[in-house]
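This report refers to the structure that appears directly beneath it.
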Amino acid sequence: MKKNTILFTMITFLLIGIITIGSSFSDNDFAIDQENNPLTAPHFDENESKAAFDKMMTVLEHKRCVNCHPSGAIPRQGEDSHLHNFDVKRGEAGQGLAAYSCNTCHSDQNNDYSGVPGAPHWSLAPEEMAWEGKTRIEIATQMMDSKRNGGRSHEDIMHHLTEHELVLWAWNPGVDAEGNPREKPPVPKDEYIQAVKQWIELGAVIPSE
Amino acid sequence: MTDQNSKNKPKSKSRRSFLIKGGIGTLGLMALGTYVFRNPMRRKMYEMTETLVVPYSGTGTQANLWIEFTKDNTVVLHSPKVEMGQGTFTGLAQILADELDVNINQITVKAAETATGIVDGMSTGGSLSIAQLWQPLREMAATMREFVKSEGAKKMGVDVSSITTANGILTSGTQTLEYAGALEGVTEFNLPSTPELRPLKEYKSVGKPIKRIDLRPKIVGDPIFGMDAEMPNMLHAAVIRPEHIGSKLKHADISEAEKMPGVVRILEYDDWIGVIANSFAEALAAKNKIKTDWDIPKVWSEETLRDYLRVGQGDKMITQKSGAPLDPDGDGVVSMEFSSPIGAHAQLEPNGAVAHVTDGKATVILSTQVIGATQKQVAEALGFDMENVNIVGTYLGGGFGRRLNTSHAVKAAIMSREIGQPVKYFFTRKEEFQNDTFRPPTHHFMRGKMNDNGQLSALEHHYASGDVAINALIMPSVMTSVLGTDVGAMRGGNIMYANLERRRAVQWHKTLPFATSFWRSLGLLANTFAIESFIDEMALNAGRNPVDFRLSMLGTDEHQSRIRKVIEVAAEKAGYKEGASGNRAMGFAASIDAGAPCAQVVEVSVEGDTIKVEKVICAFDCGLAVNPDQVRAQCEGSIIMGISAVLHEKMTIKEGRLYPINYGAYDMALMKNSPRVIDIHLIQGVDHPLPVGEPPLGPIGAAIGNAVRRITGKRLTDLPMKLD
Amino acid sequence: MKVSFNINGEQKTVEVSDGNSPLLWAIRDGVGLKGTKFGCGKAACGACTIHVDGNAVRSCSFPVRMAEGKEITTIEGLSNDGVLHPVQQAWMDEVVPQCGYCQPGFMMATAAMLDKIPNPTDEDIDNNIINVCRCGTYYRMRKAIHRAAELNTKKNNSESTQ
């Protein structure tokens, strides 16, 4: 159980992400080198940052991500983001309930026989990290709020957003119950990864609109 | 006398078989004789089909075929009816025990395979199993008891009149002999005439809530279902069948599939492809690699279907007529429109079969409600004589009418013939949902008029439906052509209240482009929803209590009095109260189906858009309840399946295909939707058993709608009922 | 590939051509235990529910390769030397099954729930037991689940005082 909790905290953090600009500059464990510090970087470009932000958020706002960042107790599913069949509940740890956890049906990889999607650590983002119904600015602001993200460093987050299997599952979403491929985010994986890195390297600035 | 595995052969002599008293077949023949029916005569026939318990018809009616004695002094009953959850095997065992004088623990009930010679002429359906076999089974059991006594008397050297029987033991003075001992060496079953049956009050098992005899196997997970059947050297298959309504296979590319691991053979036919492999997972994986191209002559949509099936279109038949029709535009005439969607059976055990065809003989094991009809289908498809086809029926993982045509047995048989080995195949869930024999959608107009005394004086029900009984495998086509109406769609369609100046029911029938057929309770669910919702609305308009309003519409004969009784009991036991209290209210409705009246009071709450059934009080006159506990179980099941149908379920046509294709997406009542209280009150209005498994599905829809009307002011007229 | 696991206390090895194919078929056709049912193959109905290392799992959506080295319990192994599990006993007492096809899945889900929630409320039952039963036995099942909880508690108490 303890192992699960640690795992869960890790995943949560992977999924939501990124610490705030406000805290990042004074944060000791924020250890990007001075050359890339947006305040001193000679090539900082607001438009470039915004473009990277938009590209990243186009992915994070996609149903492959938002379906598991629901605003209520029930996750969403499918291309139309309907409430998860059978109204399955998030449970206390975002992993479902006693007799009916996420892992009752979802395993560590997509199942082409059942059409049930899967990836390591399949679970829901906690309620305070709900993205459902929020604008990209709200989602990003929430991601940057140290009170809601566990106070993680930019670098850690960058790694997690760009390397973790559950996040990257979005580009390998498998087939549905009818055998039809699930829709992938509209930005190719490598472009997304590049955008996340770029945006963070440029200071993780959330545009004002 | 036989051992456990061999059966008394059909050819053994018998002087006693029970009388086949007619049944649908006879009804058809009778009708054929006087082919030109006048409409009033037809309507008389409709009334009969609505109330009559159709007698059992079938072959192999000798008592010694049904009742097999074993060496260890137990009895095997070879039942022409199958067990699909309705508790029939238990009820039959109780009936057998009481006339044969054996303990119920000594009885095993099996679905009779066709090789026994016992083949039901129709089906396990219509909630008729116990009602149909009540008389013949008691007669057979009593006859066999007398036969055992006479054989025992010879062996014991006593006079037969000195023998008493109990628990499978003959006693004469101090001498005892087991039935098994009495029948030792007996090969000729020269059965005596049927003795007089015992008075009901002497029955010890009938009428008692004894536990189901199939309880333990179902709790420990024994392999009792068609799905669990195996044969030696069996291969597994998956089948491709059309997804689009009316589509035909044009071309298939099997090249990739053939290379998949475990694939043994791929067979291509006009309208299906069979993929045979060493395991089911391999067959399925290979099936998914087949690329198919279909000819789709017309792409149906939900809208085109709704336009196609409406009151006023198709074949018209007046199924009930008393007094002149109402003028729809006349003064004071109230009209309302209702509808119900396509319904799926969604039984948990998928359809399928295990077949072995070899040396001109075929054996097929499967879950079916029509063992006899399946035998015929397989024999015809293979060009075999009937006696060379043995159909072995298993326990069914749900029937609900879905297995009244199990022609898929033919595919299993063909695959086995081609491969020379036993083949097992079954439907995927998607195939189940898209190739169901659906409950047809319906469309209804209700019309009514009050008189000056605040009394409903005229009531009309106009209803449109797709096939239920028409084109069904088990219905003689002559019956359809003579009666001119779909007697399945008609169930519950006529107005049961006799004390009306004018009443009328008019059926509009069309055959739909996809298969529709029997779904538990047939037309009753939607017809009662329309009629009883409308009556409720008329009562509200008149400012009258809906229970009194209904009672005042009833006549005084025995039939009407039995309806009156269930209405009174339900209202009284529920303490029916008019109007809403906060977000809660009661709703009332009643119906009669197959001569068994039922009334229900529901207590419903509305939270946001969510309708929740909190409590159901049900009064049901099922006649003699052979097993009251299982009658209650059928009521509970009907109520919950009814709630599922009227608040949740709906199939939709999307771009020519039926959706959804799985549970969950096909929304059904779950644990959380099941009422916390279901209170059943059984009434014995007649002294014989009546159909049980379907009549309680009648009132539930309207009762819920009537409650919602009181809470929200909204009259919900379309199933499934939704507030938004 | 070969996959080995312990099922109902017995060590078994099955041979499959695809490690991602469902454990369900390895149990039903490989090991030959038919109590675990195929209902939908899409992890929706719950008829194939089993326990893997004590957790409820829908075996139609569980890749057989993941069963390697695991402890599996099916309905056949829920009882112990012919003594019914409290859940099965409660199911008997309340005469729950009708057709019976979905019941093993329900009993396995209930047993898993009682392990973690020994005295479930009606709400716990509603939220946790989301399998599908077409005969509509939910009403009796709810009673049986409460009864199973009682029997289970009694059994545990008597075991702990011995």
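The values are calculated or read from the model by the stated rules, or taken from the named source; none is laboratory data. Here the structure is a predicted model, which is why all the values come from computation and not from measurement. When we count neighbours, we look across all protein chains shown, and the Cβ atoms used for this are built from the backbone with ideal geometry, even at glycine. Each accessible area value is taken on the protein alone, full model and side chains, heavy atoms only, with ligands, DNA and RNA left out. Shrake-Rupley method; radii C 1.70, N 1.55, O 1.52, S 1.80 Å.
B:Gly157 meets each of the listed conditions (1) open to solvent by 40 Å² or more (accessible area, probe 1.4 Å); (2) more than 29 Å from the chain's Cα centre (by Cα); (3) at pLDDT below 95 apart from (3).
Restricting B:Phe438, B:Phe445, B:Phe427, B:Phe433 to residues that are at pLDDT 95 or above, of a type outside the set (Ser, Thr, Tyr), touching a Ser or Thr at 6+ places or on another chain (Cβ under 7 Å) and within 24 Å of B:Lys248 (Cβ to Cβ) narrows the list to B:Phe438. Residue pairs whose Cβ atoms lie under 6 Å apart, separated by 6 or more positions or on different chains, with the first residue in the range C:20-47 and under 22 Å from A:Gly179 (Cβ atoms) and the second at pLDDT below 95 and not in a loop (DSSP other than H, G, I, E, B), are C:Ser21/B:Ala281; C:Trp25/B:Phe280; C:Trp25/B:Ala281.
Inside the range B:222-237, can you point out the residues that are more than 8 Å from every other protein chain (Cβ to nearest Cβ) and either within 17 Å of C:Ala47 (Cα to Cα) or in contact with a strand residue (DSSP E or B) (Cβ under 8 Å, 6 or more places away or on another chain) (or both)?
Scanning the range B:222-237 gives B:Gly226, B:Ala229, B:Glu230, B:Met231, B:Met234, B:Leu235, B:Ala237.
Summed over the range C:17-36, the residues that are closer than 19 Å to C:Gln103 by Cβ and more than 7 Å from every other protein chain (Cβ to nearest Cβ) give a count of 5. Screening C:Asn152, C:Asn156 for residues that are surrounded by fewer than 16 Cβ atoms within 10 Å (Cβ to Cβ), on the phi < 0 side of the Ramachandran plot and in a helix (DSSP H, G or I) leaves exactly one candidate, C:Asn156.
Please work out which residue is farthest from B:Lys289 (Cα to Cα), limiting yourself to the range B:247-263 and to residues that are in contact with a Phe, Trp or Tyr (Cβ under 9 Å, 6 or more places away or on another chain) and open to solvent by less than 40 Å² (accessible area, probe 1.4 Å). Top of the filtered list is B:Ser247. The single condition among (1) surrounded by fewer than 19 Cβ atoms within 10 Å (Cβ to Cβ); (2) part of a helix (DSSP H, G or I) that C:Val87 does not satisfy is (1). Would you please name the residue that is farthest from the other protein chains (Cβ to nearest Cβ), looking only at residues in the range C:40-75 that are within 23 Å of B:Pro217 (Cα to Cα) and out of contact with any helix residue (DSSP H, G or I) (no Cβ under 7 Å at 6 or more places or on another chain)? By that ranking, first place goes to C:Ile72. In the set (1) out of contact with any Gly (no Cβ under 9 Å at 6 or more places or on another chain); (2) closer than 19 Å to C:Cys60 by Cα, the condition left unmet by A:Ser101 is number (1). Annotation: of all residues in the range B:39-91 being acidic (Asp, Glu) and open to solvent by 30 Å² or more (accessible area, probe 1.4 Å), the one that is modelled with the highest pLDDT is B:Asp72.
Output yes when any residue across the range B:657-668 is free of Cβ contacts under 8 Å to residues at least 60 places away in the same chain and either surrounded by 22 or more Cβ atoms within 10 Å (Cβ to Cβ) or not assigned by TED's automatic domain parsing to the domain that holds B:Asp593 (or both), and no when none is. Yes, the range B:657-668 contains at least one residue that is free of Cβ contacts under 8 Å to residues at least 60 places away in the same chain and either surrounded by 22 or more Cβ atoms within 10 Å (Cβ to Cβ) or not assigned by TED's automatic domain parsing to the domain that holds B:Asp593 (or both).
The C-beta contact set for the range B:698-714 (first residue farther than 16 Å from B:Met538 by Cβ, second residue among the small types (Gly, Ala, Ser) and part of a loop (DSSP other than H, G, I, E, B), distance under 9 angstrom, 6+ apart or interchain) comprises B:Gly698/B:Gly492; B:Gly698/B:Ser521; B:Ile711/B:Gly582. Among the residues of the range C:1-19, those that are touching a residue at least 40 places away in the same chain (Cβ under 8 Å) and in contact with a strand residue (DSSP E or B) (Cβ under 7 Å, 6 or more places away or on another chain) comprise C:Val3, C:Ser4, C:Phe5, C:Asn6, C:Ile7, C:Asn8, C:Val14, C:Val16, C:Gly19.
Between B:Ile213, B:Ile219, which is free of Cβ contacts under 8 Å to residues at least 12 places away in the same chain and buried (at least 18 other Cβ atoms within 10 Å of the Cβ)? It would help to see each step written out before you state the result.
Values: B:Ile213 fails: free of Cβ contacts under 8 Å to residues at least 12 places away in the same chain.
So the residue among B:Ile213, B:Ile219 that is free of Cβ contacts under 8 Å to residues at least 12 places away in the same chain and buried (at least 18 other Cβ atoms within 10 Å of the Cβ) is B:Ile219.
Starting from residues that are in contact with a Leu (Cβ under 8 Å, 6 or more places away or on another chain) and within 12 Å of chain C (Cβ to nearest Cβ), keep the ones in the range A:95-127 and report whichever is farthest from C:Asn55 (Cα to Cα). Selected residue: A:Tyr113. If a residue must be in a helix (DSSP H, G or I) and open to solvent by less than 20 Å² (accessible area, probe 1.4 Å), how many such residues does the range B:538-557 contain? So the count comes out to 6.
Consider B:Lys259 carefully, then state whether it is without any contact (Cβ under 8 Å) to a residue 24 or more places away in the chain and within 14 Å of chain C (Cβ to nearest Cβ). Criteria met by B:Lys259. Residues in the range A:75-94 that are within 13 Å of another protein chain (Cβ to nearest Cβ) and either touching a residue at least 60 places away in the same chain (Cβ under 8 Å) or open to solvent by 30 Å² or more (accessible area, probe 1.4 Å) (or both): A:Gln77, A:Gly78, A:Glu79, A:Asp80, A:His82, A:Leu83, A:His84, A:Asn85, A:Asp87, A:Lys89, A:Glu92, A:Ala93.
Here the range C:113-151 is the region considered, the condition is being more than 8 Å from every other protein chain (Cβ to nearest Cβ) and acidic (Asp, Glu), and the residue that is nearest to the chain's Cα centre (by Cα) is C:Glu150. Looking at the range B:594-692, the strands (runs of 3 or more DSSP E) lying wholly inside it that each contain 3 or more residues that are within 14 Å of chain C (Cβ to nearest Cβ) and touching a Lys or Arg at 6+ places or on another chain (Cβ under 9 Å) sit at B:610-621, B:677-683. Need a quick list: helices (runs of 4 or more DSSP H) entirely within the range B:208-308 having at least 1 residues that are at pLDDT below 95. The helices (runs of 4 or more DSSP H) meeting that bar are B:280-287, B:302-308. Among the residues of the range C:95-112, write down those that are facing chain B (nearest Cβ under 7 Å), free of Cβ contacts under 8 Å to residues at least 60 places away in the same chain and assigned to a loop (DSSP other than H, G, I, E, B). Passing the criteria: C:Val95, C:Pro97, C:Gln98, C:Cys99, C:Gly100.
Among the residues of the range B:395-426, which ones are more than 14 Å from chain C (Cβ to nearest Cβ) and aliphatic (A, V, I, L, M)? Selection gives B:Leu404, B:Ala409, B:Val410, B:Ala412, B:Ala413, B:Ile414, B:Met415, B:Ile419.
Just one of (1) over 29 Å from B:Phe427 (Cα atoms); (2) not in a helix (DSSP H, G or I) fails for C:Met92. It is (2).
For a quick check of your reading: which strands (runs of 3 or more DSSP E) sit entirely within the range C:1-55 and have at least 1 residues that are open to solvent by 20 Å² or more (accessible area, probe 1.4 Å)?
On the way: elements: C:2-7, C:10-15, C:49-52.
Filter on the range C:1-55 gives C:2-7, C:10-15.
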